[in-house]
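Input: a single structure, listed below in structure tokens.
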Amino acid sequence: MTKVRQQIPIAKPWVGALELEAVKRPLLSGWLTQGPEVAAFEKEFADYVGAKYACAVSNCTTALHLALLAAGVQPGDQVITVSHSFIATANSIRYCGALPVFIDIEPNTFNVDPELIEKRINERTRAILCVHQIGMPCDLEKIVAIARRHHVAVIEDAACAVGSEILWDAAWEKIGRPRGDVACFSFHPRKLLTTGDGGMITTSNPEWDRKFRLWRQHSMSIPDTARHHAKQVVFESYLEAGYNYRMTDIQAAVGREQLKRLPEMIERRRSLVKRYAELAADIPGLVLPQEPAWARSNWQSYCVRLPRSCEQRVVMQKMLDEGIATKPGIMCAHREPAYQNQVWSCGEGCIPAKCIHLTESEKAQTQCILLPLFHEITEEDQVRVVDALRTACYR
């Protein structure tokens, strides 16, 4: 009888009995929505990344939206960012009625090329929304210096980068301190730290933090936690148009346990990445990811560039036939149907459908694939993955 080999998924969250036990706290307390667990998670997260303030929200997309609003982004403004990112990056700019100005990426890091930013800044530029793509920190030192010269905000899309580090003034520090004006994180199950869904905004600006907390809860003048403990009857008012962007205490309870596990997760990821590099070193033409000297990735994803002779879809299908899931290179928002009309610019006057200034972004999308990477993947699984990749490319 032929043994059926277990499918290897692209990702799998590392959760278990500790998270299950933590969920009992809010369930038994009767306080399920935003409450004491959220407050505790915010403090613990701020301490972990070294931020003055951390505000929990429903997901990273809402975090980006609020960050852009706090930066003063309005209809008619422009925000410099990358197309080479999950579509939420560009969408959050459109939520504000602003125009995404897409910059090409560096082929080795998949992050925005800082050398292209400055000439795209004009009188309508309100912010730079940079992405720490799949956990690899972008060159914040250069980006922040450019932004400060031109008095525009820096918002870090750190959706994938919880636990990643950057070398700043000769010392290693966590992404999220932040070195820009604000950093936004995701806790989707594809990320290292998950709450099922959820997000976090970190900043050093007390006024921005106050706005985030107001806006996330319908701009309610008195939080329900304060009203619940009041000794006198109080009536809230709604100070401006706000949003329902809250995290629940159930999610936060899970997040608190996940945060405790995070150092172990990152150590494991780095070990797995080292093993992948050893196994795949002999595949001709395969380009493996590398960290710049000033960056330490959390290795949320392991993205390889295929040999020139290999067709992405064919390789992925052959690997799937062997029970191994992969993902294509990170999407380009400008290629999606939602961005086929005049809702973006490259800053160079191109017709969107015929832009010639995002070539590295497009190559990365079509030439790269993400290999399976998660905490509980085994060395045997990794051997299967690399063997299947080698066979798909050259047999």
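The values are calculated or read from the model by the stated rules, or taken from the named source; none is laboratory data. Quantities reported herein were computed from a predicted structural model and do not represent experimental measurements. Here Cβ is always computed from backbone atoms with ideal geometry, including for glycine, and neighbour counts include all displayed protein chains.
Looking at the structure I just gave you, is Gly135 crowded, with 23+ Cβ neighbours inside 10 Å and out of contact with any strand residue (DSSP E or B) (no Cβ under 7 Å at 6 or more places or on another chain)? Criteria met by Gly135. Every condition in (1) in a loop (DSSP other than H, G, I, E, B); (2) touching an Asp or Glu at 6+ places or on another chain (Cβ under 9 Å); (3) modelled with pLDDT of 95 or more holds for Pro307 except the one numbered (2).
Of the residues making up the stretch 89-103, those that are assigned to a helix (DSSP H, G or I) and surrounded by fewer than 24 Cβ atoms within 10 Å (Cβ to Cβ) number 3. Filtering the stretch 1-41 to residues that are modelled with pLDDT of 95 or more, over 30 Å from Thr326 (Cβ atoms) and β-branched (Val, Ile, Thr) leaves Val23, Val38.
For the condition part of a loop (DSSP other than H, G, I, E, B) and buried (at least 24 other Cβ atoms within 10 Å of the Cβ), what is the one hit in Phe110, Phe86? Working first, answer last.
Numbers: Phe86 fails: buried (at least 24 other Cβ atoms within 10 Å of the Cβ).
Just one listed residue meets the conditions, Phe110.
The condition of being in contact with an Asp or Glu (Cβ under 6 Å, 6 or more places away or on another chain) and of a type outside the set (Gly, Ala, Ser) holds for only one of Pro137, Pro178, Pro189, that being Pro178. For Arg210, the test of being surrounded by 13 or more Cβ atoms within 10 Å (Cβ to Cβ), under 30 Å from Val152 (Cα atoms) and without any contact (Cβ under 8 Å) to a residue 12 or more places away in the chain is passed. Is there any pair linking a residue in the stretch 102-126 that is at positive phi to one that is surrounded by 21 or more Cβ atoms within 10 Å (Cβ to Cβ), with Cβ under 6 Å and at least six apart or on different chains, and which? Here the result reads Phe110/Gln133; Phe110/Ala364, each pair linking the stretch 102-126 to a residue that is surrounded by 21 or more Cβ atoms within 10 Å (Cβ to Cβ). Determine if the stretch 332-341 includes at least one residue that is out of contact with any Phe, Trp or Tyr (no Cβ under 7 Å at 6 or more places or on another chain), closer than 16 Å to Arg305 by Cβ and modelled with pLDDT of 95 or more. So far as the stretch 332-341 goes, yes, one or more of its residues are out of contact with any Phe, Trp or Tyr (no Cβ under 7 Å at 6 or more places or on another chain), closer than 16 Å to Arg305 by Cβ and modelled with pLDDT of 95 or more. Within the stretch 235-250, residues that are free of Cβ contacts under 8 Å to residues at least 60 places away in the same chain reach partners that are surrounded by fewer than 20 Cβ atoms within 10 Å (Cβ to Cβ) and among the charged types (D, E, K, R) with beta carbons closer than 7 Å, at six or more positions or on different chains, in the pairs Glu236/Arg227. Among the residues of the stretch 75-83, none qualifies, meaning not one is assigned to a loop (DSSP other than H, G, I, E, B), under 24 Å from the mean Cα position of the chain (by Cα) and more than 16 Å from Leu129 (Cα to Cα).
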